[in-house]
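Structure first, commentary second.
The values are calculated or read from the model by the stated rules, or taken from the named source; none is laboratory data. Just so it is clear, the model here is predicted, and its values are computed rather than measured. Backbone-built Cβ (ideal geometry, glycine too); neighbour counts: all protein chains shown. Side chains are part of the model used for accessible areas, which takes the heavy atoms of the whole protein and leaves out ligands, DNA and RNA. Shrake-Rupley method; radii C 1.70, N 1.55, O 1.52, S 1.80 Å.
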Amino acid sequence: NRYAEAATTFEKAYVALTDPGARELALTKEADSHFANGQYKLAEEVYSRVRAEFPGSLQMPAVRYQQGECLARLSDWAAAEKAFRFIVGNWPTNSLADRSLMRLASMRESRGQWEEALEAYDELMTSRPKSDLLGPALLGRAMAKYRLARFGEARADYEKVCADFPKTVWAEQASYMQGWCDYLLGNTKQAVQVCTQFLVDFPDSKWVPDVTFWLGEYQYNIGAHADAEATFI
């Protein structure tokens with residue numbers, strides 16, 4: 001984990017080596033070391049050198065993706081989006097194209113651009129129906145709809161997450177959010193059923209305290225004071 005020293009040593013190796021493949025590897029590892037050290041501007045500059053000096057590299061999708069990550073962490077959103085979009089356009093069958101669409105969505109979420117995030121999730125799910133990222137993409141789409149107060153649509157997506165990806169971290173969060181959608185849609189009894197089942201299906205979830213407390217409040221509000229007392233205890 002001595003990333004700064006590693007970067008310096010990789011740079012020395014890059015200068016000393018003569019084999020093109022070895023030089024490319026050394027320069028890429030220098031950039032990776034800067035990235036691991038949180039020096040994103042420096043890492044981005046070195047990734048740019050890799051692109052310029054080894055344009056035919058088989059690792060170019062990964063280099064471009066890491067460069068996009070650097071730009072995102074520097075809050076250069078336009079340049080980051082351009083980098084990720086470049087991957088999607090030029091290497092559409094590479095798994096990094098899927099990750100790039102997910103990254104586009106998450107960057108937009110970080111800026112509260114929920115409609116734009118929704119577009120990225122939809123694009124991934126439509127153009128890559130066999131992607132390994134369908135679960136988190138579906139959950140992300142549901143969360144974007146929730147943020148846009150489209151609770152009925154969000155609930156349908158949460159339900160699909162639970163059906164298609166049971167017993168996963170995505171299903172856990174989707175099950176939790178289903179209850180909130182039901183509550184906000186005025187379906188309080190259904191929300192109670194969902195929350196009660198959530199406690200059975202995910203007894204170790206970090207959301208168990210929230211769900212339990214909400215159930216206690218509901219019991220108190222309907223006058224079931226004995227049940228509420230037991231729940232609060």
Could we say that Ser95 is within 30 Å of Leu134 (Cβ to Cβ), open to solvent by 70 Å² or more (accessible area, probe 1.4 Å) and polar (S, T, N, Q) here? yes
When segment 63-75 is examined, which residues are found to be open to solvent by 40 Å² or more (accessible area, probe 1.4 Å) and in contact (Cβ under 8 Å) with a residue 12 or more places away in the chain? Gln66, Arg73, Leu74
Quick check on segment 39-62: of everything there that is open to solvent by less than 40 Å² (accessible area, probe 1.4 Å) and in a loop (DSSP other than H, G, I, E, B), which residue is nearest to Glu5 (Cα to Cα)? Phe54
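With Gly216, Gly186 as the choices, which residue is more than 29 Å from Leu124 (Cβ to Cβ), of a type outside the set (Ser, Thr, Tyr), assigned to a loop (DSSP other than H, G, I, E, B) and open to solvent by less than 80 Å² (accessible area, probe 1.4 Å)?
Details: Gly216 fails: assigned to a loop (DSSP other than H, G, I, E, B).
Going through Gly216, Gly186 in turn, the sole match is Gly186.
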Being part of a loop (DSSP other than H, G, I, E, B) and open to solvent by 40 Å² or more (accessible area, probe 1.4 Å), is that true of even one residue in segment 23-36? no
Filter segment 128-183 down to residues that are among the basic types (Lys, Arg) and outside any helix (DSSP H, G or I) and give me whichever is surrounded by the most Cβ atoms within 10 Å (Cβ to Cβ). Arg128
